[in-house]
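Computed from the coordinates by the stated procedures, all read-outs in this text should not be read as laboratory data. The structure presented is a predicted model; accordingly, all values stated were derived computationally and were not measured. No Cβ is skipped: glycine too gets one built from the backbone with ideal geometry, and neighbour counts run over all protein chains shown.
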Amino acid sequence: MIRATLAAAVIAIGVTAVAAHSSKNFDPANPVDQRAMLMHKQADIVYGTFKKMVRGQAPYDQAKVDEGFAALKEIAPKLPELYPATAKGRSPDSDYYASDKVWENKAEFDAHFKKLIAAIDANAPKATSLDGLQAARKAVAEACDSCHETYRVKKN
Amino acid sequence: MVRKFAIVVVLVLIGALSVFWYLSTPRRVPASALAGGVPNLDNGRILFAVGGCASCHAVSKDERTRLGGGVALHSPFGTFYAPNISSDPIHGIGRWSEADFVTAMRNGVSPDGRHYYPAFPYTAYRRMTAADLRDLFAYLQTLPAVSDSSRDHDLTFPFNIRRGLGLWKRVHLDGKPFSPDPTQSAQWNRGAYLVNGPGHCAECHSPRDAFGGIRSAQRFAGGPNLEGEGWVPNITQQALGRWSVQDFEYLLENGELPDGDSVGGSMRDVIRNTSQLPAADRAAMAVYLKSLAPVEGPARPGR
């Protein structure tokens, strides 16, 4: 009886500790964490849902494709304002962080978001078949990649 | 007494300098090492892609055949500026002979007998076959002449003493060509050749010692990004054990990672190159990379 209670207590403490640690430093109101979260959401669509369909690992589903593009259209415009000079930190929830180059070349950096929004808007209507999705996804991924080439750094 | 001592010191210094001078002699490739025969320009174009020449020598990411140089490569030794290797006869390599080119690529020595810095990865290119070097040289000469002057490197003392590289090469340049492993398939060997030779993947994906030589025991096991910030990942099976051969192929084709992400940073330009290769060559590289024994990389500083 005592042993069972003790075991339960240890497990409860352990679970609480893990839960507290993983959410302790992540703050959705903090632009650094917010942008990490939104970027991950975009990645889940482009490099998750869409990728599986394009590679034949999941059936083509027009509803999911439309949902994905709708989400991308909603998220992309929120991103530019999440990089003020006061928010240069690193998110605990991400393997990446924004390079200082973002603020050294702010105008060039911001231009990448315009390209991303344009790529999403131009390609969403083309994603009406598997082939269409393949081309549309490639165009959007290129917009993501071209910014990451210069401005996203992998943590040590 | 002091005079005798002074004479001894001078003699020792002369002796040491002579030894240094001898040991650091730049070596030229003899004409007998050249392939002969008719160059294959298609092969040259493939090697240009896998060798990543444009990544350092092109004037911009979009003008990949205009090889006027200029890319700055930051390092702990200072900043290197990639030179003009266009077909321009004055500013580029337009007047070079094939022997000049092979000497540069295999031995890291210029036509006028000076050592090149290993920021130019001849430590990998030395593995290339004479036929491949012939084809690549011929292909380079078909590209446009660009008349930009090459910029001098900006290095700290004593790394700005070129002759010293002769000693470095004695340690890090074994002069051996690629030797296929007879126990492995032709495809594996093709992959091993492409990755270790023109692909020069280990040049970024390995840790280096204080003099910038690769720590061979941790080859491919990743290390600090010498060019700036961040970390270059471990690409041995220690880190990529869960990747399939197809995952490696996808990566080389479009930079996508199995976990639903895509490479960034310097790898993006690598993918611009590898995406142009024949699929069979990417498959060969994938087979080879999947076979890399697990190696523990250097300790990473805190995140």
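How high is the relative contact order of chain A, in percent, counting Cα pairs under 8 Å that sit 6 or more residues apart? Intermediate values should be presented prior to the final figure.
Numbers: 129 pairs, mean separation 40.8, N = 156.
After rounding, I find 26 percent.
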Legend entry - Hz values of 3J(HN,Hα) by residue in the range B:197-209 - Karplus curve (6.51, -1.76, 1.60), Gly and Pro given as x: x, x, x, 6, 4, 5, 4, 9, 8, 10, x, 10, 7
Legend entry - Rounded to whole Hz, the Karplus (6.51, -1.76, 1.60) HN-Hα couplings of the range A:99-114, x for glycine and proline: 5, 4, 4, 3, 8, 6, 10, 4, 5, 5, 4, 4, 4, 5, 5, 4
Inset, instruction - Would you work out the charge dipole size for the protein assembly as shown about its Cα centre, treating the Cβ of every Lys and Arg as +1 and the Cβ of every Asp and Glu as -1, and quote it to the nearest 20 debye? - result: 1420 debye
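Can you tell me how the range B:27-70 classifies by the Cα gyration tensor, rounded, prolate or oblate, using a/c under 1.5 as the rounded cut? Mind showing how you got there, number by number?
Numbers: a/c = 3.23, a/b = 1.74, b/c = 1.85.
Cα axes put the range B:27-70 in the oblate bin.
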Inset, instruction - Mind sorting A:121, B:135 by how few other Cβ atoms lie within 10 Å of their own Cβ, fewest first? - result: A:121, B:135
Inset, instruction - For residue B:231, list long-range residues whose amide hydrogen, built 1.01 Å from N in the peptide plane, is under 5 Å from its own amide hydrogen. - result: A:154, B:225
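Per residue of B:253-263, how many C-beta atoms from partner chains lie within 10 Å of its own C-beta, taken as a mean? Let's see the in-between values first.
Numbers: counts 0, 4, 4, 6, 1, 2, 4, 10, 11, 9, 4.
The shielding value for this peptide is 5.
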Inset, instruction - For the range B:6-23, just list the computed ³J(HN,Hα) in residue order, Karplus coefficients 6.51, -1.76 and 1.60, θ = phi - 60°, integers in Hz, with x standing in for Gly and Pro. - result: 4, 5, 4, 4, 4, 4, 5, 4, 4, x, 5, 5, 5, 4, 4, 4, 5, 5
Legend entry - Inter-chain shielding of A:134-147 (mean C-beta neighbours from other protein chains, 10 Å cut-off): 2
Legend entry - CD proxy at 222 nm, helix term only [per DSSP H run n ≥ 4: -39500 (n - 2.57); per residue of chain B; nearest 500]: -11000 deg cm²/dmol
Legend entry - Rel. contact order, % - alpha carbon contacts under 8 angstrom, at least six apart, chain B: 19 percent
Legend entry - Other protein chain Cβ atoms within 10 Å, averaged over every residue that makes up A:45-54: 2
Inset, instruction - Counting only C-alpha contacts under 8 Å and six or more residues apart, can you give the relative contact order of the range B:26-177 as a whole percent? - result: 31 percent
Legend entry - Least to most buried among B:200, B:74 (fewest other Cβ within 10 Å first): B:74, B:200
Legend entry - Whole-angstrom gap from the range B:1-80 to the range A:54-128, using each part's C-alpha centre: 42 Å
Inset, instruction - Choose one answer from A:76, A:118, A:107: the residue with the largest mean-square fluctuation in a GNM of chain A with alpha-carbon springs under 10 Å. - result: A:107
Legend entry - Estimated [θ] at 222 nm from DSSP helical runs (n ≥ 4, -39500 (n - 2.57)) normalised by residues in chain A, nearest 500: -21000 deg cm²/dmol
Inset, instruction - Place +1 on the Cβ of every Lys and Arg and -1 on the Cβ of every Asp and Glu in the protein assembly as shown, take the dipole about the Cα centre, and give the residue among B:280, B:117, B:204 whose Cα lies farthest towards its positive end. - result: B:117
Legend entry - Prolate/oblate/rounded label for the range B:110-234 (Cα gyration tensor, a/c 1.5): oblate
